[in-house]
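Novice: Sharing a structure here in structure tokens format.
The values are calculated or read from the model by the stated rules, or taken from the named source; none is laboratory data. Treat the numbers as computed from the prediction; the structure is a model and nothing was measured. Positions of Cβ are backbone-derived with ideal geometry, glycine not excepted, and every protein chain shown enters the neighbour counts. When the accessible area is computed, the model is the full protein with side chains, heavy atoms only, and any ligands, DNA or RNA have been set aside. Shrake-Rupley method; radii C 1.70, N 1.55, O 1.52, S 1.80 Å.
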There are 2 protein chains.
Amino acid sequence: MLFKDATTEEIELKMQESWMAFHQYRKFPLSKRATFMRTIAEEVEALGDELLQITGEETNLPEARLRNERTRTIFQLNSYADACERGDWLEARIDTANDDRNPPKPDIRKMMVPLGPVVVFGASNFPYAYSTAGGDTACAFAAGCPVIIKAHPAHSKTSEMIAYAIMKAVEKNNLPAGVFAHVYGKSFEVGKSLVMHPFTKAVGFTGSFTGGKALYDWANQRKEPIPVFAEMGSINPVFLLPGKLTESAPELAKTIAASITLGVGQFCTNPGLLIGMEGNGLKEFILALGKEIKNSVPAKMLHSGIATSYKEKRKLALAQDNIELISDLEVEENAEGIPTIASASAHAFLNNPVLHQEVFGPYSLLIKCKSKEEMLQVVQHMEGQLTASVMATAEDLQHYEDVVEQVKNICGRFILNGVPTGVEVCLSMHHGGPFPATTDSRFTSVGADGIKRFARPLSFQNWPNEVLPDELKNENTLNIYRTVNDHLTKKIIE
Amino acid sequence: MLFKDATTEEIELKMQESWMAFHQYRKFPLSKRATFMRTIAEEVEALGDELLQITGEETNLPEARLRNERTRTIFQLNSYADACERGDWLEARIDTANDDRNPPKPDIRKMMVPLGPVVVFGASNFPYAYSTAGGDTACAFAAGCPVIIKAHPAHSKTSEMIAYAIMKAVEKNNLPAGVFAHVYGKSFEVGKSLVMHPFTKAVGFTGSFTGGKALYDWANQRKEPIPVFAEMGSINPVFLLPGKLTESAPELAKTIAASITLGVGQFCTNPGLLIGMEGNGLKEFILALGKEIKNSVPAKMLHSGIATSYKEKRKLALAQDNIELISDLEVEENAEGIPTIASASAHAFLNNPVLHQEVFGPYSLLIKCKSKEEMLQVVQHMEGQLTASVMATAEDLQHYEDVVEQVKNICGRFILNGVPTGVEVCLSMHHGGPFPATTDSRFTSVGADGIKRFARPLSFQNWPNEVLPDELKNENTLNIYRTVNDHLTKKIIE
């Protein structure tokens, strides 16, 4: 067996090294962290086509997709490195002393400092962008935290290649080796040991609800609980309002079908629930959607575990009372990832919790509402979501204002006339949402604001300028924005 | 009995009203929230000396202290109202569309939105500043969240008076009544019901470890876990480095004695642990500290529960092996809040967890270290702290750089040559710290950054300018700072 589960002794050793490295790495200037991250980007790129080939074999993902994902991963590393240096995430605040006040007001200066070693769990559906050198790792390095990767067993070889690329970057930048550790583990026990270790100070995870919730519960049961940011997916409801349906049912059907089947539906932003208002527009949409799906092709899923799970969950969903199949494909018996659309009445949805569950794969359930009141009820029965989309004309938005307001309150990203798949990497992106989409709706795993998951504020009171960190010194040689006496400025302090 | 515990039905009704009010209040503009907060400040002030008198009777706190605390509370409401309107806390981020890119980049805009109803537990030691109209309440209102106060039973009358002041402000500003609710409850059950209620979306707490940890555990056991910010106090270590001791032992003793006995030691920032390097300087300091304490007077504590707890914990601490009493007062048998300093060797401290526990009251333990290595070990065995202070000369800072670096890593506020008591209300203040000081070191309960405990980011993708919230519209009529295409600016978007 090539990849053996880490033993307790190996984990202990890696955590000790990580802890020691933390106390060096946290003192490194932002520029040095950024250079390290940019070197990782270069080293990942240098792995060339061999990486794509191996990942393709491990994940069944097509080359074009992998090429794009690698580009995205490199972009993440570079753009979070820029954000790290720009320093907005430090939330530097300075209140200068005032000796005239009674009692005198001391000089206080605050900035973000790293939490400590971060354990990152690689995601099966993003072997690059949310795995070994992915978003969580980049955010942790930017924050000043060492990273311990728990490699996803579905792409161990990929993870190993990228781990070596990171190790090369560690060496090239003369960083302590403990800044990065790579741990294999198919068993729950390895993950649990990492989360429970006293030197672990935060956890990043992208995956299933069961997996994420287990990590979250372990972390809270520790003597010293630690923050876990687990992104656990969602069903990403798409609301189809009547004006828009009348106006452009065929185009909507085309766009939505493409979004449902993209990447064999293996995205946490896959639109798993469509909510439409009954009428001729919806009828037209259903017909068109059915045709689009009939033109799609099943494809191998990421690994047999996901394929089996999709088969079972899809079967369970379709076996519910009052479920109608809108579109299915004639396929060979053992086909994986069969694109499927079913429909149910709002009444059925409201009374059957099984229909609220995510069916991870190219599956979507269409809910037919008889009235705005029923649509409101559907929203009110929905759990927290990463995204919610509204397909609407300007008139729809007015007539359905209360629905729109309620939808806004349950999601992390709110989309008008667009599909949820395609998560931009930029500062304005929020990839997070109310539970159970994530374990903490106040943080994101996409965009440089994700750095803040792994940092905490520290106030310096009464420290003379020369011993303060550069970020807080009067001179502001790093040229970062700071809030000085309640005013945001880059100015030096006289 | 004047203040009866709320029944399950009463709690259900209040939570329903709170939930309904949330969906109105969250849409109110920042200016309206700020005006509401300023009205509360006025109404609290209007309660006049009658409030001070009643609180004095309930808490044994002297009038001057209460007058100061009320001023602080009013300042908090007004300054968080200013921060609310200034809008930096919204972390507005805008990335404009780019149709030339392939695929086209959508317009995405992000800002903070409120979490929902927040349950706030009043603190016994701050009947104004961390209770009914205190910091947590002000932060929640600024964020756009309704508040449900669980009144502290040790000052029910005070809480009631202030609750009426808030209700007046609600009325004057024509807000829905459910924006604020006041709940009595001596029993654990009332608190638990509030935390477990599905409409509760966050919790604020200041108090004991036992209390805070119970709320945290309940919140995590919910079907939908919610964030709890519990500030649970700490022992606030003060490190006495040899150069500084030699230079100014008597002055240090005076300052530290005053900090230990301030408010009968009933502050979460009370310096409960002094760590000194053995030598003549420390001997001189101990003698001087003993004299200062002998000149202090015991005083009635906040309530009999705290007085009994202090008596018991102090007794337990003093009963440990190898503990020496540095200073005690001759007092009558039933005296409350007896100022006490004991000492122990670093070796004893390292081997006895009882000595690490907070003794809430005017108590401090002095640890004598034989070497820098021993001092390092003491730091490494310390739990997370709200504050840590270092008394040092410039030379000390150089010689003890490794100690100083380690201390920095365990605290939320790091003080040079100053005492931890006296928590400034300003943006640079961090009142939070690694567990067990608080349940989440990434947030603060003092300063306007505390607003962020009760808000989450929401991204708007592809929404036309006219339906976006004012905060994100091109015109920026609110004149707030926003990060537009990675640049912080107040400019309008052309």
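Novice: Could you pull out the residue among A:Gly412, A:Gly447, A:Gly433 that is surrounded by 24 or more Cβ atoms within 10 Å (Cβ to Cβ), out of contact with any helix residue (DSSP H, G or I) (no Cβ under 7 Å at 6 or more places or on another chain), without any contact (Cβ under 8 Å) to a residue 40 or more places away in the chain and more than 7 Å from chain B (Cβ to nearest Cβ)?
Specialist: Details: A:Gly412 fails: more than 7 Å from chain B (Cβ to nearest Cβ); A:Gly433 fails: without any contact (Cβ under 8 Å) to a residue 40 or more places away in the chain.
Step by step, each of A:Gly412, A:Gly447, A:Gly433 is checked, and only A:Gly447 is surrounded by 24 or more Cβ atoms within 10 Å (Cβ to Cβ), out of contact with any helix residue (DSSP H, G or I) (no Cβ under 7 Å at 6 or more places or on another chain), without any contact (Cβ under 8 Å) to a residue 40 or more places away in the chain and more than 7 Å from chain B (Cβ to nearest Cβ).
Novice: I've got another one for you. Can you say whether B:Thr489 is touching a helix residue (DSSP H, G or I) at 6+ places or on another chain (Cβ under 8 Å), open to solvent by 20 Å² or more (accessible area, probe 1.4 Å), more than 9 Å from every other protein chain (Cβ to nearest Cβ) and of a type in the set (Ser, Thr, Tyr), as far as the supplied structure shows? Give the derivation first.
Specialist: On the way: touching a helix residue (DSSP H, G or I) at 6+ places or on another chain (Cβ under 8 Å): no; open to solvent by 20 Å² or more (accessible area, probe 1.4 Å): yes; more than 9 Å from every other protein chain (Cβ to nearest Cβ): yes; of a type in the set (Ser, Thr, Tyr): yes.
Judged against the criteria, B:Thr489 is not a match.
Novice: Further question on the same structure: What is the number of the single condition among (1) crowded, with 19+ Cβ neighbours inside 10 Å; (2) more than 14 Å from chain A (Cβ to nearest Cβ); (3) in contact with a helix residue (DSSP H, G or I) (Cβ under 8 Å, 6 or more places away or on another chain) that B:Glu69 does not meet?
Specialist: With (1) crowded, with 19+ Cβ neighbours inside 10 Å; (2) more than 14 Å from chain A (Cβ to nearest Cβ); (3) in contact with a helix residue (DSSP H, G or I) (Cβ under 8 Å, 6 or more places away or on another chain) applied to B:Glu69, the lone miss is (3).
Novice: Here is a follow-up. When the residues of region B:471-480 are filtered to those that are open to solvent by 60 Å² or more (accessible area, probe 1.4 Å) and within 35 Å of the chain's Cα centre (by Cα), which remaining residue is farthest from A:His487 (Cα to Cα)?
Specialist: Keep residues of region B:471-480 that are open to solvent by 60 Å² or more (accessible area, probe 1.4 Å), which gives B:475, B:477-479.
Now drop any that are not within 35 Å of the chain's Cα centre (by Cα), which leaves B:477-479.
Values: B:Thr477: 18, B:Leu478: 16, B:Asn479: 13 Å.
Once the filter is applied, the top-ranked residue is B:Thr477.
Novice: OK, next. Given A:Glu50, A:Glu57, A:Glu63, A:Glu42, which one is closer than 24 Å to A:Phe141 by Cβ and either away from chain B (no Cβ under 14 Å) or surrounded by fewer than 21 Cβ atoms within 10 Å (Cβ to Cβ) (or both)? Let's see the steps before the verdict.
Specialist: On the way: A:Glu50 fails: closer than 24 Å to A:Phe141 by Cβ; A:Glu57 fails: closer than 24 Å to A:Phe141 by Cβ; A:Glu63 fails: closer than 24 Å to A:Phe141 by Cβ.
Just a single option satisfies the conditions, and that option is A:Glu42.
Novice: Okay, moving on. Between A:Leu47, A:Leu52, A:Leu30, which is within 30 Å of A:Glu336 (Cβ to Cβ), touching a residue at least 60 places away in the same chain (Cβ under 8 Å) and of a type outside the set (Lys, Arg)? Break it down into steps so the answer makes sense when it comes.
Specialist: Details: A:Leu52 fails: touching a residue at least 60 places away in the same chain (Cβ under 8 Å); A:Leu30 fails: within 30 Å of A:Glu336 (Cβ to Cβ).
None of the other options fit; the residue is A:Leu47.
Novice: Mind listing just one residue for me: the one in region B:450-470 that is more than 9 Å from chain A (Cβ to nearest Cβ) and closer than 21 Å to A:Arg482 by Cα and, of those, surrounded by the most Cβ atoms within 10 Å (Cβ to Cβ)?
Specialist: Ranking the candidates gives B:Gly450 first.
Novice: Determine which member of the set A:Arg93, A:Arg101 is crowded, with 19+ Cβ neighbours inside 10 Å, under 30 Å from A:Glu494 (Cα atoms) and not polar (S, T, N, Q).
Specialist: Details: A:Arg101 fails: crowded, with 19+ Cβ neighbours inside 10 Å.
None of the others qualify; the one that does is A:Arg93.
Novice: If you don't mind, there's one more thing I want to ask. Using the structure shown, decide if B:Asp107 is more than 26 Å from the chain's Cα centre (by Cα), among the charged types (D, E, K, R) and either surrounded by fewer than 24 Cβ atoms within 10 Å (Cβ to Cβ) or over 16 Å from B:Gly144 (Cα atoms) (or both).
Specialist: Numbers: more than 26 Å from the chain's Cα centre (by Cα): yes; among the charged types (D, E, K, R): yes; either surrounded by fewer than 24 Cβ atoms within 10 Å (Cβ to Cβ) or over 16 Å from B:Gly144 (Cα atoms) (or both): yes.
Yes.
Table: residues versus (1) among the polar types (S, T, N, Q); (2) closer than 30 Å to A:Gly207 by Cα; (3) under 14 Å from the mean Cα position of the chain (by Cα).
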residue: A:Glu395; (1), (2), (3): no, no, no
residue: A:Gly418; (1), (2), (3): no, yes, no
residue: A:Gly422; (1), (2), (3): no, yes, yes
residue: A:Met429; (1), (2), (3): no, yes, yes
residue: A:Gly433; (1), (2), (3): no, yes, yes
residue: A:Ser445; (1), (2), (3): yes, yes, yes
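Novice: Consider B:Gly265 against the criteria (1) at pLDDT below 95; (2) within 17 Å of the chain's Cα centre (by Cα); (3) farther than 27 Å from B:Ile40 by Cα; (4) surrounded by fewer than 22 Cβ atoms within 10 Å (Cβ to Cβ): it satisfies all of them except one. Which criterion is unmet?
Specialist: Here B:Gly265 clears every test but (4).
Novice: For residues that are at pLDDT below 95, surrounded by fewer than 20 Cβ atoms within 10 Å (Cβ to Cβ) and not in a loop (DSSP other than H, G, I, E, B), tally how many sit in region A:355-379.
Specialist: Of the residues in region A:355-379, 1 are at pLDDT below 95, surrounded by fewer than 20 Cβ atoms within 10 Å (Cβ to Cβ) and not in a loop (DSSP other than H, G, I, E, B).
Novice: Still on this structure: Identify, by number, the condition in (1) part of a helix (DSSP H, G or I); (2) farther than 26 Å from B:Gly207 by Cβ; (3) open to solvent by 10 Å² or more (accessible area, probe 1.4 Å) that B:Glu330 doesn't meet.
Specialist: (1)
Novice: Oh, and also: Scan region A:62-87 residue by residue and report those that are assigned to a loop (DSSP other than H, G, I, E, B) and farther than 20 Å from A:Lys300 by Cβ.
Specialist: Taking region A:62-87 and keeping what is assigned to a loop (DSSP other than H, G, I, E, B), we get A:62, A:87.
Within region A:62-87, just A:Gly87 meets the criteria.
Novice: Checking the condition touching a His at 6+ places or on another chain (Cβ under 6 Å), outside any loop (DSSP other than H, G, I, E, B) and closer than 27 Å to B:Gly178 by Cβ, which residue from B:Met15, B:Met37, B:Met20 passes?
Specialist: Working: B:Met37 fails: touching a His at 6+ places or on another chain (Cβ under 6 Å); B:Met20 fails: touching a His at 6+ places or on another chain (Cβ under 6 Å).
The unique qualifying residue is B:Met15.
Novice: Somewhere in region A:219-226, is a residue open to solvent by less than 20 Å² (accessible area, probe 1.4 Å), over 12 Å from the mean Cα position of the chain (by Cα), at pLDDT 95 or above and over 20 Å from B:Met232 (Cβ atoms)?
Specialist: no
Novice: Restricting attention to region A:114-158, which residues are surrounded by 24 or more Cβ atoms within 10 Å (Cβ to Cβ), of a type in the set (Ser, Thr, Tyr) and not in a loop (DSSP other than H, G, I, E, B)?
Specialist: Passing the criteria: A:Thr137, A:Thr158.
Novice: Residue under question is A:Arg442, and the condition is that it be within 7 Å of chain B (Cβ to nearest Cβ), within 15 Å of A:Glu231 (Cα to Cα) and outside any loop (DSSP other than H, G, I, E, B); does it hold?
Specialist: Numbers: within 7 Å of chain B (Cβ to nearest Cβ): yes; within 15 Å of A:Glu231 (Cα to Cα): yes; outside any loop (DSSP other than H, G, I, E, B): no.
No; evaluated as a whole, the condition is false for this residue.
Novice: Continuing with this model, one more query. Assuming A:Pro271 fulfils every condition listed in (1) open to solvent by 10 Å² or more (accessible area, probe 1.4 Å); (2) under 30 Å from A:Pro153 (Cα atoms) apart from one, which condition is it?
Specialist: It fails just one condition, (1).
Novice: Out of (1) open to solvent by 40 Å² or more (accessible area, probe 1.4 Å); (2) more than 9 Å from chain B (Cβ to nearest Cβ); (3) in contact (Cβ under 8 Å) with a residue 24 or more places away in the chain; (4) in a loop (DSSP other than H, G, I, E, B), the odd one out for A:Gly422 is which?
Specialist: Condition not satisfied by A:Gly422: (2).
Novice: Please state which one of B:Ala317, B:Ala342, B:Ala299, B:Ala348 is open to solvent by less than 20 Å² (accessible area, probe 1.4 Å) and either under 21 Å from B:Phe126 (Cβ atoms) or not in a helix (DSSP H, G or I) (or both). Before you say what the answer is, go through the steps one by one.
Specialist: Numbers: B:Ala317 fails: either under 21 Å from B:Phe126 (Cβ atoms) or not in a helix (DSSP H, G or I) (or both); B:Ala299 fails: open to solvent by less than 20 Å² (accessible area, probe 1.4 Å); B:Ala348 fails: either under 21 Å from B:Phe126 (Cβ atoms) or not in a helix (DSSP H, G or I) (or both).
Just one listed residue meets the conditions, B:Ala342.
Novice: Give me the residue from region B:380-398 that is of a type in the set (Asp, Glu) and surrounded by fewer than 22 Cβ atoms within 10 Å (Cβ to Cβ) and, out of that set, nearest to the other protein chains (Cβ to nearest Cβ). I'd like the intermediate steps shown before the answer.
Specialist: First, pick out the residues of region B:380-398 that are of a type in the set (Asp, Glu): B:383, B:395-396.
Retained after the next criterion (residues that are surrounded by fewer than 22 Cβ atoms within 10 Å (Cβ to Cβ)): B:383, B:395.
Working: B:Glu383: 8, B:Glu395: 12 Å.
Selected residue: B:Glu383.
Novice: Looking at (1) out of contact with any strand residue (DSSP E or B) (no Cβ under 9 Å at 6 or more places or on another chain); (2) at the interface with chain A (Cβ under 7 Å from one of its Cβ atoms), which one does B:Glu401 not meet, given that it meets all the others?
Specialist: For B:Glu401, the failing item is (2).
Novice: Okay, moving on. Residue check, A:Thr246 against (1) hydroxyl-bearing (Ser, Thr, Tyr); (2) surrounded by fewer than 21 Cβ atoms within 10 Å (Cβ to Cβ); (3) at pLDDT below 95, all met but one. Which one?
Specialist: Result: A:Thr246 passes all but (3).
Novice: Additional query: Being part of a helix (DSSP H, G or I) and of a type in the set (Ser, Thr, Tyr) is the filter; apply it to region B:205-248 and report the residue that is farthest from B:Ala392 (Cα to Cα).
Specialist: Result: B:Tyr216.
Novice: What are the residues in region A:212-254 that are of a type in the set (S, T, N, Q) and touching a residue at least 60 places away in the same chain (Cβ under 8 Å), if any?
Specialist: Let us first name the residues in region A:212-254 that are of a type in the set (S, T, N, Q), namely A:220-221, A:234, A:236, A:246, A:248.
Answer for region A:212-254, where residues must be of a type in the set (S, T, N, Q) and touching a residue at least 60 places away in the same chain (Cβ under 8 Å): A:Ser234, A:Asn236.
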